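> Sending over a structure as structure tokens; questions will come in a sec.
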Amino acid sequence: MNGIEGARILVVEDERHLASGIRENLELDGYAVEVAHDGLEGLAMARDGAYDLIVLDVMLPGMDGFTLCETLREEDRRVPVLFLTARSTPEDRIRGLEAGGDDYLTKPFHLRELLLRVGAILRRRTWYREPPPGGATLEFGGNRIDFGSYQARGWDGREHTLTQKEAMILKALAERAGEVVAREEILEKVWGYDVFPSTRTIDNFIVRLRRRFEPDPESPRHIHTVRGVGYRLTLAPEETR
Ligand code: CA
């Protein structure tokens, strides 16, 4: 049993055989599972139930999965959503992310892969809520970052509101301050693997963080790139140069 302790999952899938196969496998992995067979029933259950994750088919009677997810997001419900779809065009993938989905799996898929992704999403969600060791604030080089509110004050006194991704990248580095954190590890923690195919995505975020938190972003003293491997956060660099 590998399920995240006590996690409750709603499966919205109109193909009954597939729905029961998914349910059985999730239950074997230790999750508590409920199933809806059409979009409107799924929406009603999602509104009422305190689920930790929704596995959501796209093509559904009543209401399609994209609309269902958008409706939940408009109501400010932040439950993670894993889309299942028969189509696999890049447009669909983007549509799913725009609708507020967290990950995307194309049919037919191996149930083992579904279980891996479910586990990854739930671990990430748990990790998002935990403050890093050392507390909910991070200080280095005159910068102060609050992981609870995503507010930051830079070394130059400027105030910044970080996006969740920016804050979580800093958190991933802060948890292992002084050590190299691999790009792949950051991708897994912050995005979940395979949601963004390129590690260049992280490079762009790092550049933005340096502009805010490094007096000289071209010669960083805190947020270092370790070529070919990843990044390292140095909280208190030695005054050697
Ligand atoms: Ca369907």
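Bear in mind these aren't lab numbers, they're just calculated from the coordinates by the rules spelled out. Predicted model only: the values in this text are computed from it and were never measured. Methodologically, a virtual Cβ is constructed for each residue, glycine included, from the backbone with ideal geometry; neighbour enumeration extends over all protein chains shown.
> Calculate the FRET efficiency for LEU28 and GLU159 from the Cβ-Cβ distance with a Förster distance of 45 Å, rounded to the nearest 0.05.
0.40
> With a cut-off of 8 Å between alpha carbons and a minimum separation of six or more residues, what is the relative contact order of segment 64-206 in percent?
Normalised by residue count, the contact order of segment 64-206 is 16 percent.
> Hey, which lysines would be in cross-link range of LYS189, C-alpha to C-alpha under 24 Å, not counting anything within fewer than 8 residues on its own chain?
Leaving aside lysines fewer than 8 places away in the same chain, those within reach of LYS189 are LYS165, LYS171.
> Calculate, in whole percent, how much of the Cα-Cα pair population of the chain lies beyond 27 Å.
That tail contains 42 percent of the Cα-Cα pairs.
> Here's something else I'd like to know. Per DSSP H run of n ≥ 4, the term is -39500 (n - 2.57); total these for the chain, divide by its residue number, and report the mean residue ellipticity at 222 nm rounded to 500 deg cm²/dmol.
-11500 deg cm²/dmol
> Continuing with this model, one more query. Calculate, in nm to one decimal, what THR137 and VAL229 gain on full extension: separation in residues at 0.36 nm each, minus their alpha carbon distance.
30.5 nm
> Sorting check: for 98-105, 60-67, which peptide has the highest mean count of neighbouring beta carbons within 10 Å, and how do the rest follow?
In decreasing order of mean packing, 98-105, 60-67 become 98-105, 60-67.
> Round to the nearest 10 and give me the degree value, 0 to 90, for the angle of helix 65-74's Cα axis relative to the longest principal axis of the chain.
50 degrees
> List the residues, sorted by chain then number, that are 5 or more residues from VAL79 or on another chain and whose placed amide H is less than 5 Å from its amide H.
Sorted by chain and number, the residues that satisfy this come to none at all.
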